[in-house]
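Participant: What follows is a single structure, and I will ask about it in a moment.
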Ligand SMILES: Nc1ncnc2c1ncn2[C@@H]1O[C@H](COP(=O)(O)OP(=O)(O)OP(=O)(O)O)[C@@H](O)[C@H]1O
Ligand SMILES: [Mg+2]
């Protein structure tokens, strides 16, 4: 009895104290905003789910993502070309961007002379701040002419004869590969900056242990720093991949916007984001609009899956290197 | 700098002769060694001899530049920007700061054990085998032998022989430190530098490491920094006492056979330090 009495009294005291010090209010405010984020996510999913009703009824989700026909006039809507274009252009971007970006990270964290480090880092970060429409414009006026003359045309006329992946005709040059290249340039600063940051925090004692064994600078980077920073670098790559998957403007301007699946990387294609952005303002029918909304839902799912894989990878890698 | 060499070394030899040590071979010498961090001079005009296959102890108060001196002996400072070194360090009478000397080769001959055990995030076996890849190609069996031998020398073999594949972090602190010693000696350096190797260890582990040091001194030249004066007295053959001068630079006050330094110090500052009046 005395115990419960003391208990309730201390409980009341604690509540009063918490109110007095603003703890509780702060806690409630923080909780409110945290829940707001969850609510926002739920609303987005609900709205896209609701809006894509007609398309889901007509094609079914599986039918929608496996069908390769996209013909608004005929009322046929299949998302496979857009999904294919989204995934392949992003993968190209990641493959092209990751090696140089990691190298830039290594350079900035370890090899760069002190005086150059700050300005170079700033420049890499500025690359990430360039609006994507500017990248798109640069792609149209600079990259595509260069790519067409020096990469696509020569390749399609030689190895392209035998390898479908590089088959012509090249036409103006817009297509999957050049979109991947633009996306690569756009995600490079993200991966480089994250790599630099995680490489910088590798503990000195690990580096020194290796130096003292007679390792060269390269060996220290290769055997002490990169393994230690691996989880973070993979995380940075996934951040970049996420950006590439959802990128709209730059891809829209250089990919050619043809909802087709072709073996050749030189052929025009489309991405989910580009297709939604270019067609939503001028839909042919309710089913068209509904299909675009369903495609938004699919894109959201793709990024969700990519992010989950990234989390899983990072978690796995960090558990391996941390716990072993 | 080199014109001082003869004068300085004579002084040391005289000191050695007076204290009854026979002139022995010197593995590593420093001559008028100064180390600067930017414009701050961390150690000043250090001239010391480290005899072959003996344990030399560096003692002195915190900030007197012991670690700085030790790290200068295998060019660990090269990686730290803004650090500069004047004077000379001679390994077998060859300058290690010469223009044409590769610091990598210096570090392969002069290994190092750090204050805190710093094993890699790898298995016990891989930790010890790690440095061997920098030595050159060797067969699997050869590698296994070298690892076993190093672990035996480090007195760790019995404890880990059936768990070579488990993580180095599954070892206790003292075991980890002996693992780091095994890793350092597996590449068969000529000199092993130890910076407070037992300061993170309990008394039993400390005793193990001290015994180990004595055994290792039959094969390697050992230079150890320690805050523990009993340790210096127990394990070392020669002791150098360093202190911080008025301008905060580290200087050597006195050097000699350990027995004499601890029983009959010549400099009052040394006496104050070892009797515990300062530091
Ligand atoms: N990387 C560095 N940059 C600048 N100053 C440094 C650096 N390392 C050491 N110092 C300075 O050099 C002086 C000597 O440091 P050092 O670490 O050699 O002392 P120590 O005798 O080993 O001390 P302790 O017994 O505490 O380990 C100190 O004043 C320290 O602040
Ligand atoms: Mg120190």
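Participant: Select from segment B:160-185 the residues that are part of a helix (DSSP H, G or I), more than 14 Å from chain A (Cβ to nearest Cβ) and at pLDDT 90 or above and list them in ascending order.
Facilitator: Selection gives B:160, B:175, B:178.
Participant: Would you kindly identify the helices (runs of 4 or more DSSP H) lying entirely within segment A:180-256 that contain at least 1 residues that are within 14 Å of chain B (Cβ to nearest Cβ)? Can you show your working first?
Facilitator: Values: elements: A:204-212, A:217-220, A:226-246, A:249-254.
Here the list reads A:204-212, A:217-220, A:226-246.
Participant: Scan segment B:107-118 and tell me whether some residue there is more than 13 Å from chain A (Cβ to nearest Cβ) and within 17 Å of residue B:30 (Cα to Cα). Lay out the reasoning, then the answer.
Facilitator: Here is the first cut: in segment B:107-118, the ones more than 13 Å from chain A (Cβ to nearest Cβ) are none.
Looking for residues that are more than 13 Å from chain A (Cβ to nearest Cβ) and within 17 Å of residue B:30 (Cα to Cα), one finds none in segment B:107-118, hence no.
Participant: Which of the following residues is assigned to a helix (DSSP H, G or I), within 23 Å of the chain's Cα centre (by Cα) and more than 15 Å from residue A:243 (Cβ to Cβ): A:126, A:120, A:116? Step through it out loud before you land on a result.
Facilitator: On the way: A:120 fails: within 23 Å of the chain's Cα centre (by Cα); A:116 fails: within 23 Å of the chain's Cα centre (by Cα).
That would be A:126, the only listed residue that is assigned to a helix (DSSP H, G or I), within 23 Å of the chain's Cα centre (by Cα) and more than 15 Å from residue A:243 (Cβ to Cβ).
Participant: Right, next: Every residue in segment B:62-76 that is surrounded by fewer than 19 Cβ atoms within 10 Å (Cβ to Cβ) and in contact with a strand residue (DSSP E or B) (Cβ under 6 Å, 6 or more places away or on another chain), please.
Facilitator: Let us first name the residues in segment B:62-76 that are surrounded by fewer than 19 Cβ atoms within 10 Å (Cβ to Cβ), namely B:62-63.
Within segment B:62-76, B:63 is the sole residue that qualifies.
Participant: Only one of (1) surrounded by 10 or more Cβ atoms within 10 Å (Cβ to Cβ); (2) in contact (Cβ under 8 Å) with a residue 60 or more places away in the chain fails for residue A:73. Which number is that?
Facilitator: Every condition holds for residue A:73 apart from (1).
Participant: Here's something else I'd like to know. Can we say residue A:173 is touching a helix residue (DSSP H, G or I) at 6+ places or on another chain (Cβ under 9 Å), assigned to a loop (DSSP other than H, G, I, E, B) and more than 14 Å from chain B (Cβ to nearest Cβ)? Explain how you work it out, then say what you get.
Facilitator: Working: touching a helix residue (DSSP H, G or I) at 6+ places or on another chain (Cβ under 9 Å): yes; assigned to a loop (DSSP other than H, G, I, E, B): yes; more than 14 Å from chain B (Cβ to nearest Cβ): yes.
When the stated conditions are applied, residue A:173 passes them.
Participant: Select, from B:226, B:238, B:258, the only residue that is touching a helix residue (DSSP H, G or I) at 6+ places or on another chain (Cβ under 7 Å) and within 16 Å of ligand 2 (Cβ to nearest atom).
Facilitator: Working: B:238 fails: within 16 Å of ligand 2 (Cβ to nearest atom); B:258 fails: within 16 Å of ligand 2 (Cβ to nearest atom).
The unique qualifying residue is B:226.
Participant: Continuing with this model, one more query. Going through B:190, B:218 one at a time, which residue ends up being more than 16 Å from ligand 2 (Cβ to nearest atom) and more than 14 Å from chain A (Cβ to nearest Cβ)? Even if it seems obvious, please write down each step before you answer.
Facilitator: Numbers: B:190 fails: more than 14 Å from chain A (Cβ to nearest Cβ).
B:218 is the lone residue from the list that is more than 16 Å from ligand 2 (Cβ to nearest atom) and more than 14 Å from chain A (Cβ to nearest Cβ).
Participant: Would you check if there is a residue in segment B:208-223 being over 15 Å from residue B:153 (Cα atoms), within 16 Å of ligand 1 (Cβ to nearest atom) and either modelled with pLDDT of 90 or more or in a helix (DSSP H, G or I) (or both)? It would help to see each step written out before you state the result.
Facilitator: Restricting attention to segment B:208-223, the residues satisfying the condition of being over 15 Å from residue B:153 (Cα atoms) are B:223.
Those left that are additionally within 16 Å of ligand 1 (Cβ to nearest atom): B:223.
Filter once more, keeping what is either modelled with pLDDT of 90 or more or in a helix (DSSP H, G or I) (or both): B:223.
Looking for residues that are over 15 Å from residue B:153 (Cα atoms), within 16 Å of ligand 1 (Cβ to nearest atom) and either modelled with pLDDT of 90 or more or in a helix (DSSP H, G or I) (or both), one finds at least one in segment B:208-223, hence yes.
Participant: So residue B:43 ticks every box in (1) within 16 Å of ligand 2 (Cβ to nearest atom); (2) closer than 24 Å to residue A:210 by Cα; (3) in contact with a strand residue (DSSP E or B) (Cβ under 6 Å, 6 or more places away or on another chain) but one. Which box is left unticked?
Facilitator: (2)
The values are calculated or read from the model by the stated rules, or taken from the named source; none is laboratory data. If you're wondering where the values come from, they're calculated on a predicted model, not measured in any experiment. Reconstructed Cβ throughout: ideal geometry from the backbone, glycine too, with neighbour counts over all protein chains shown.
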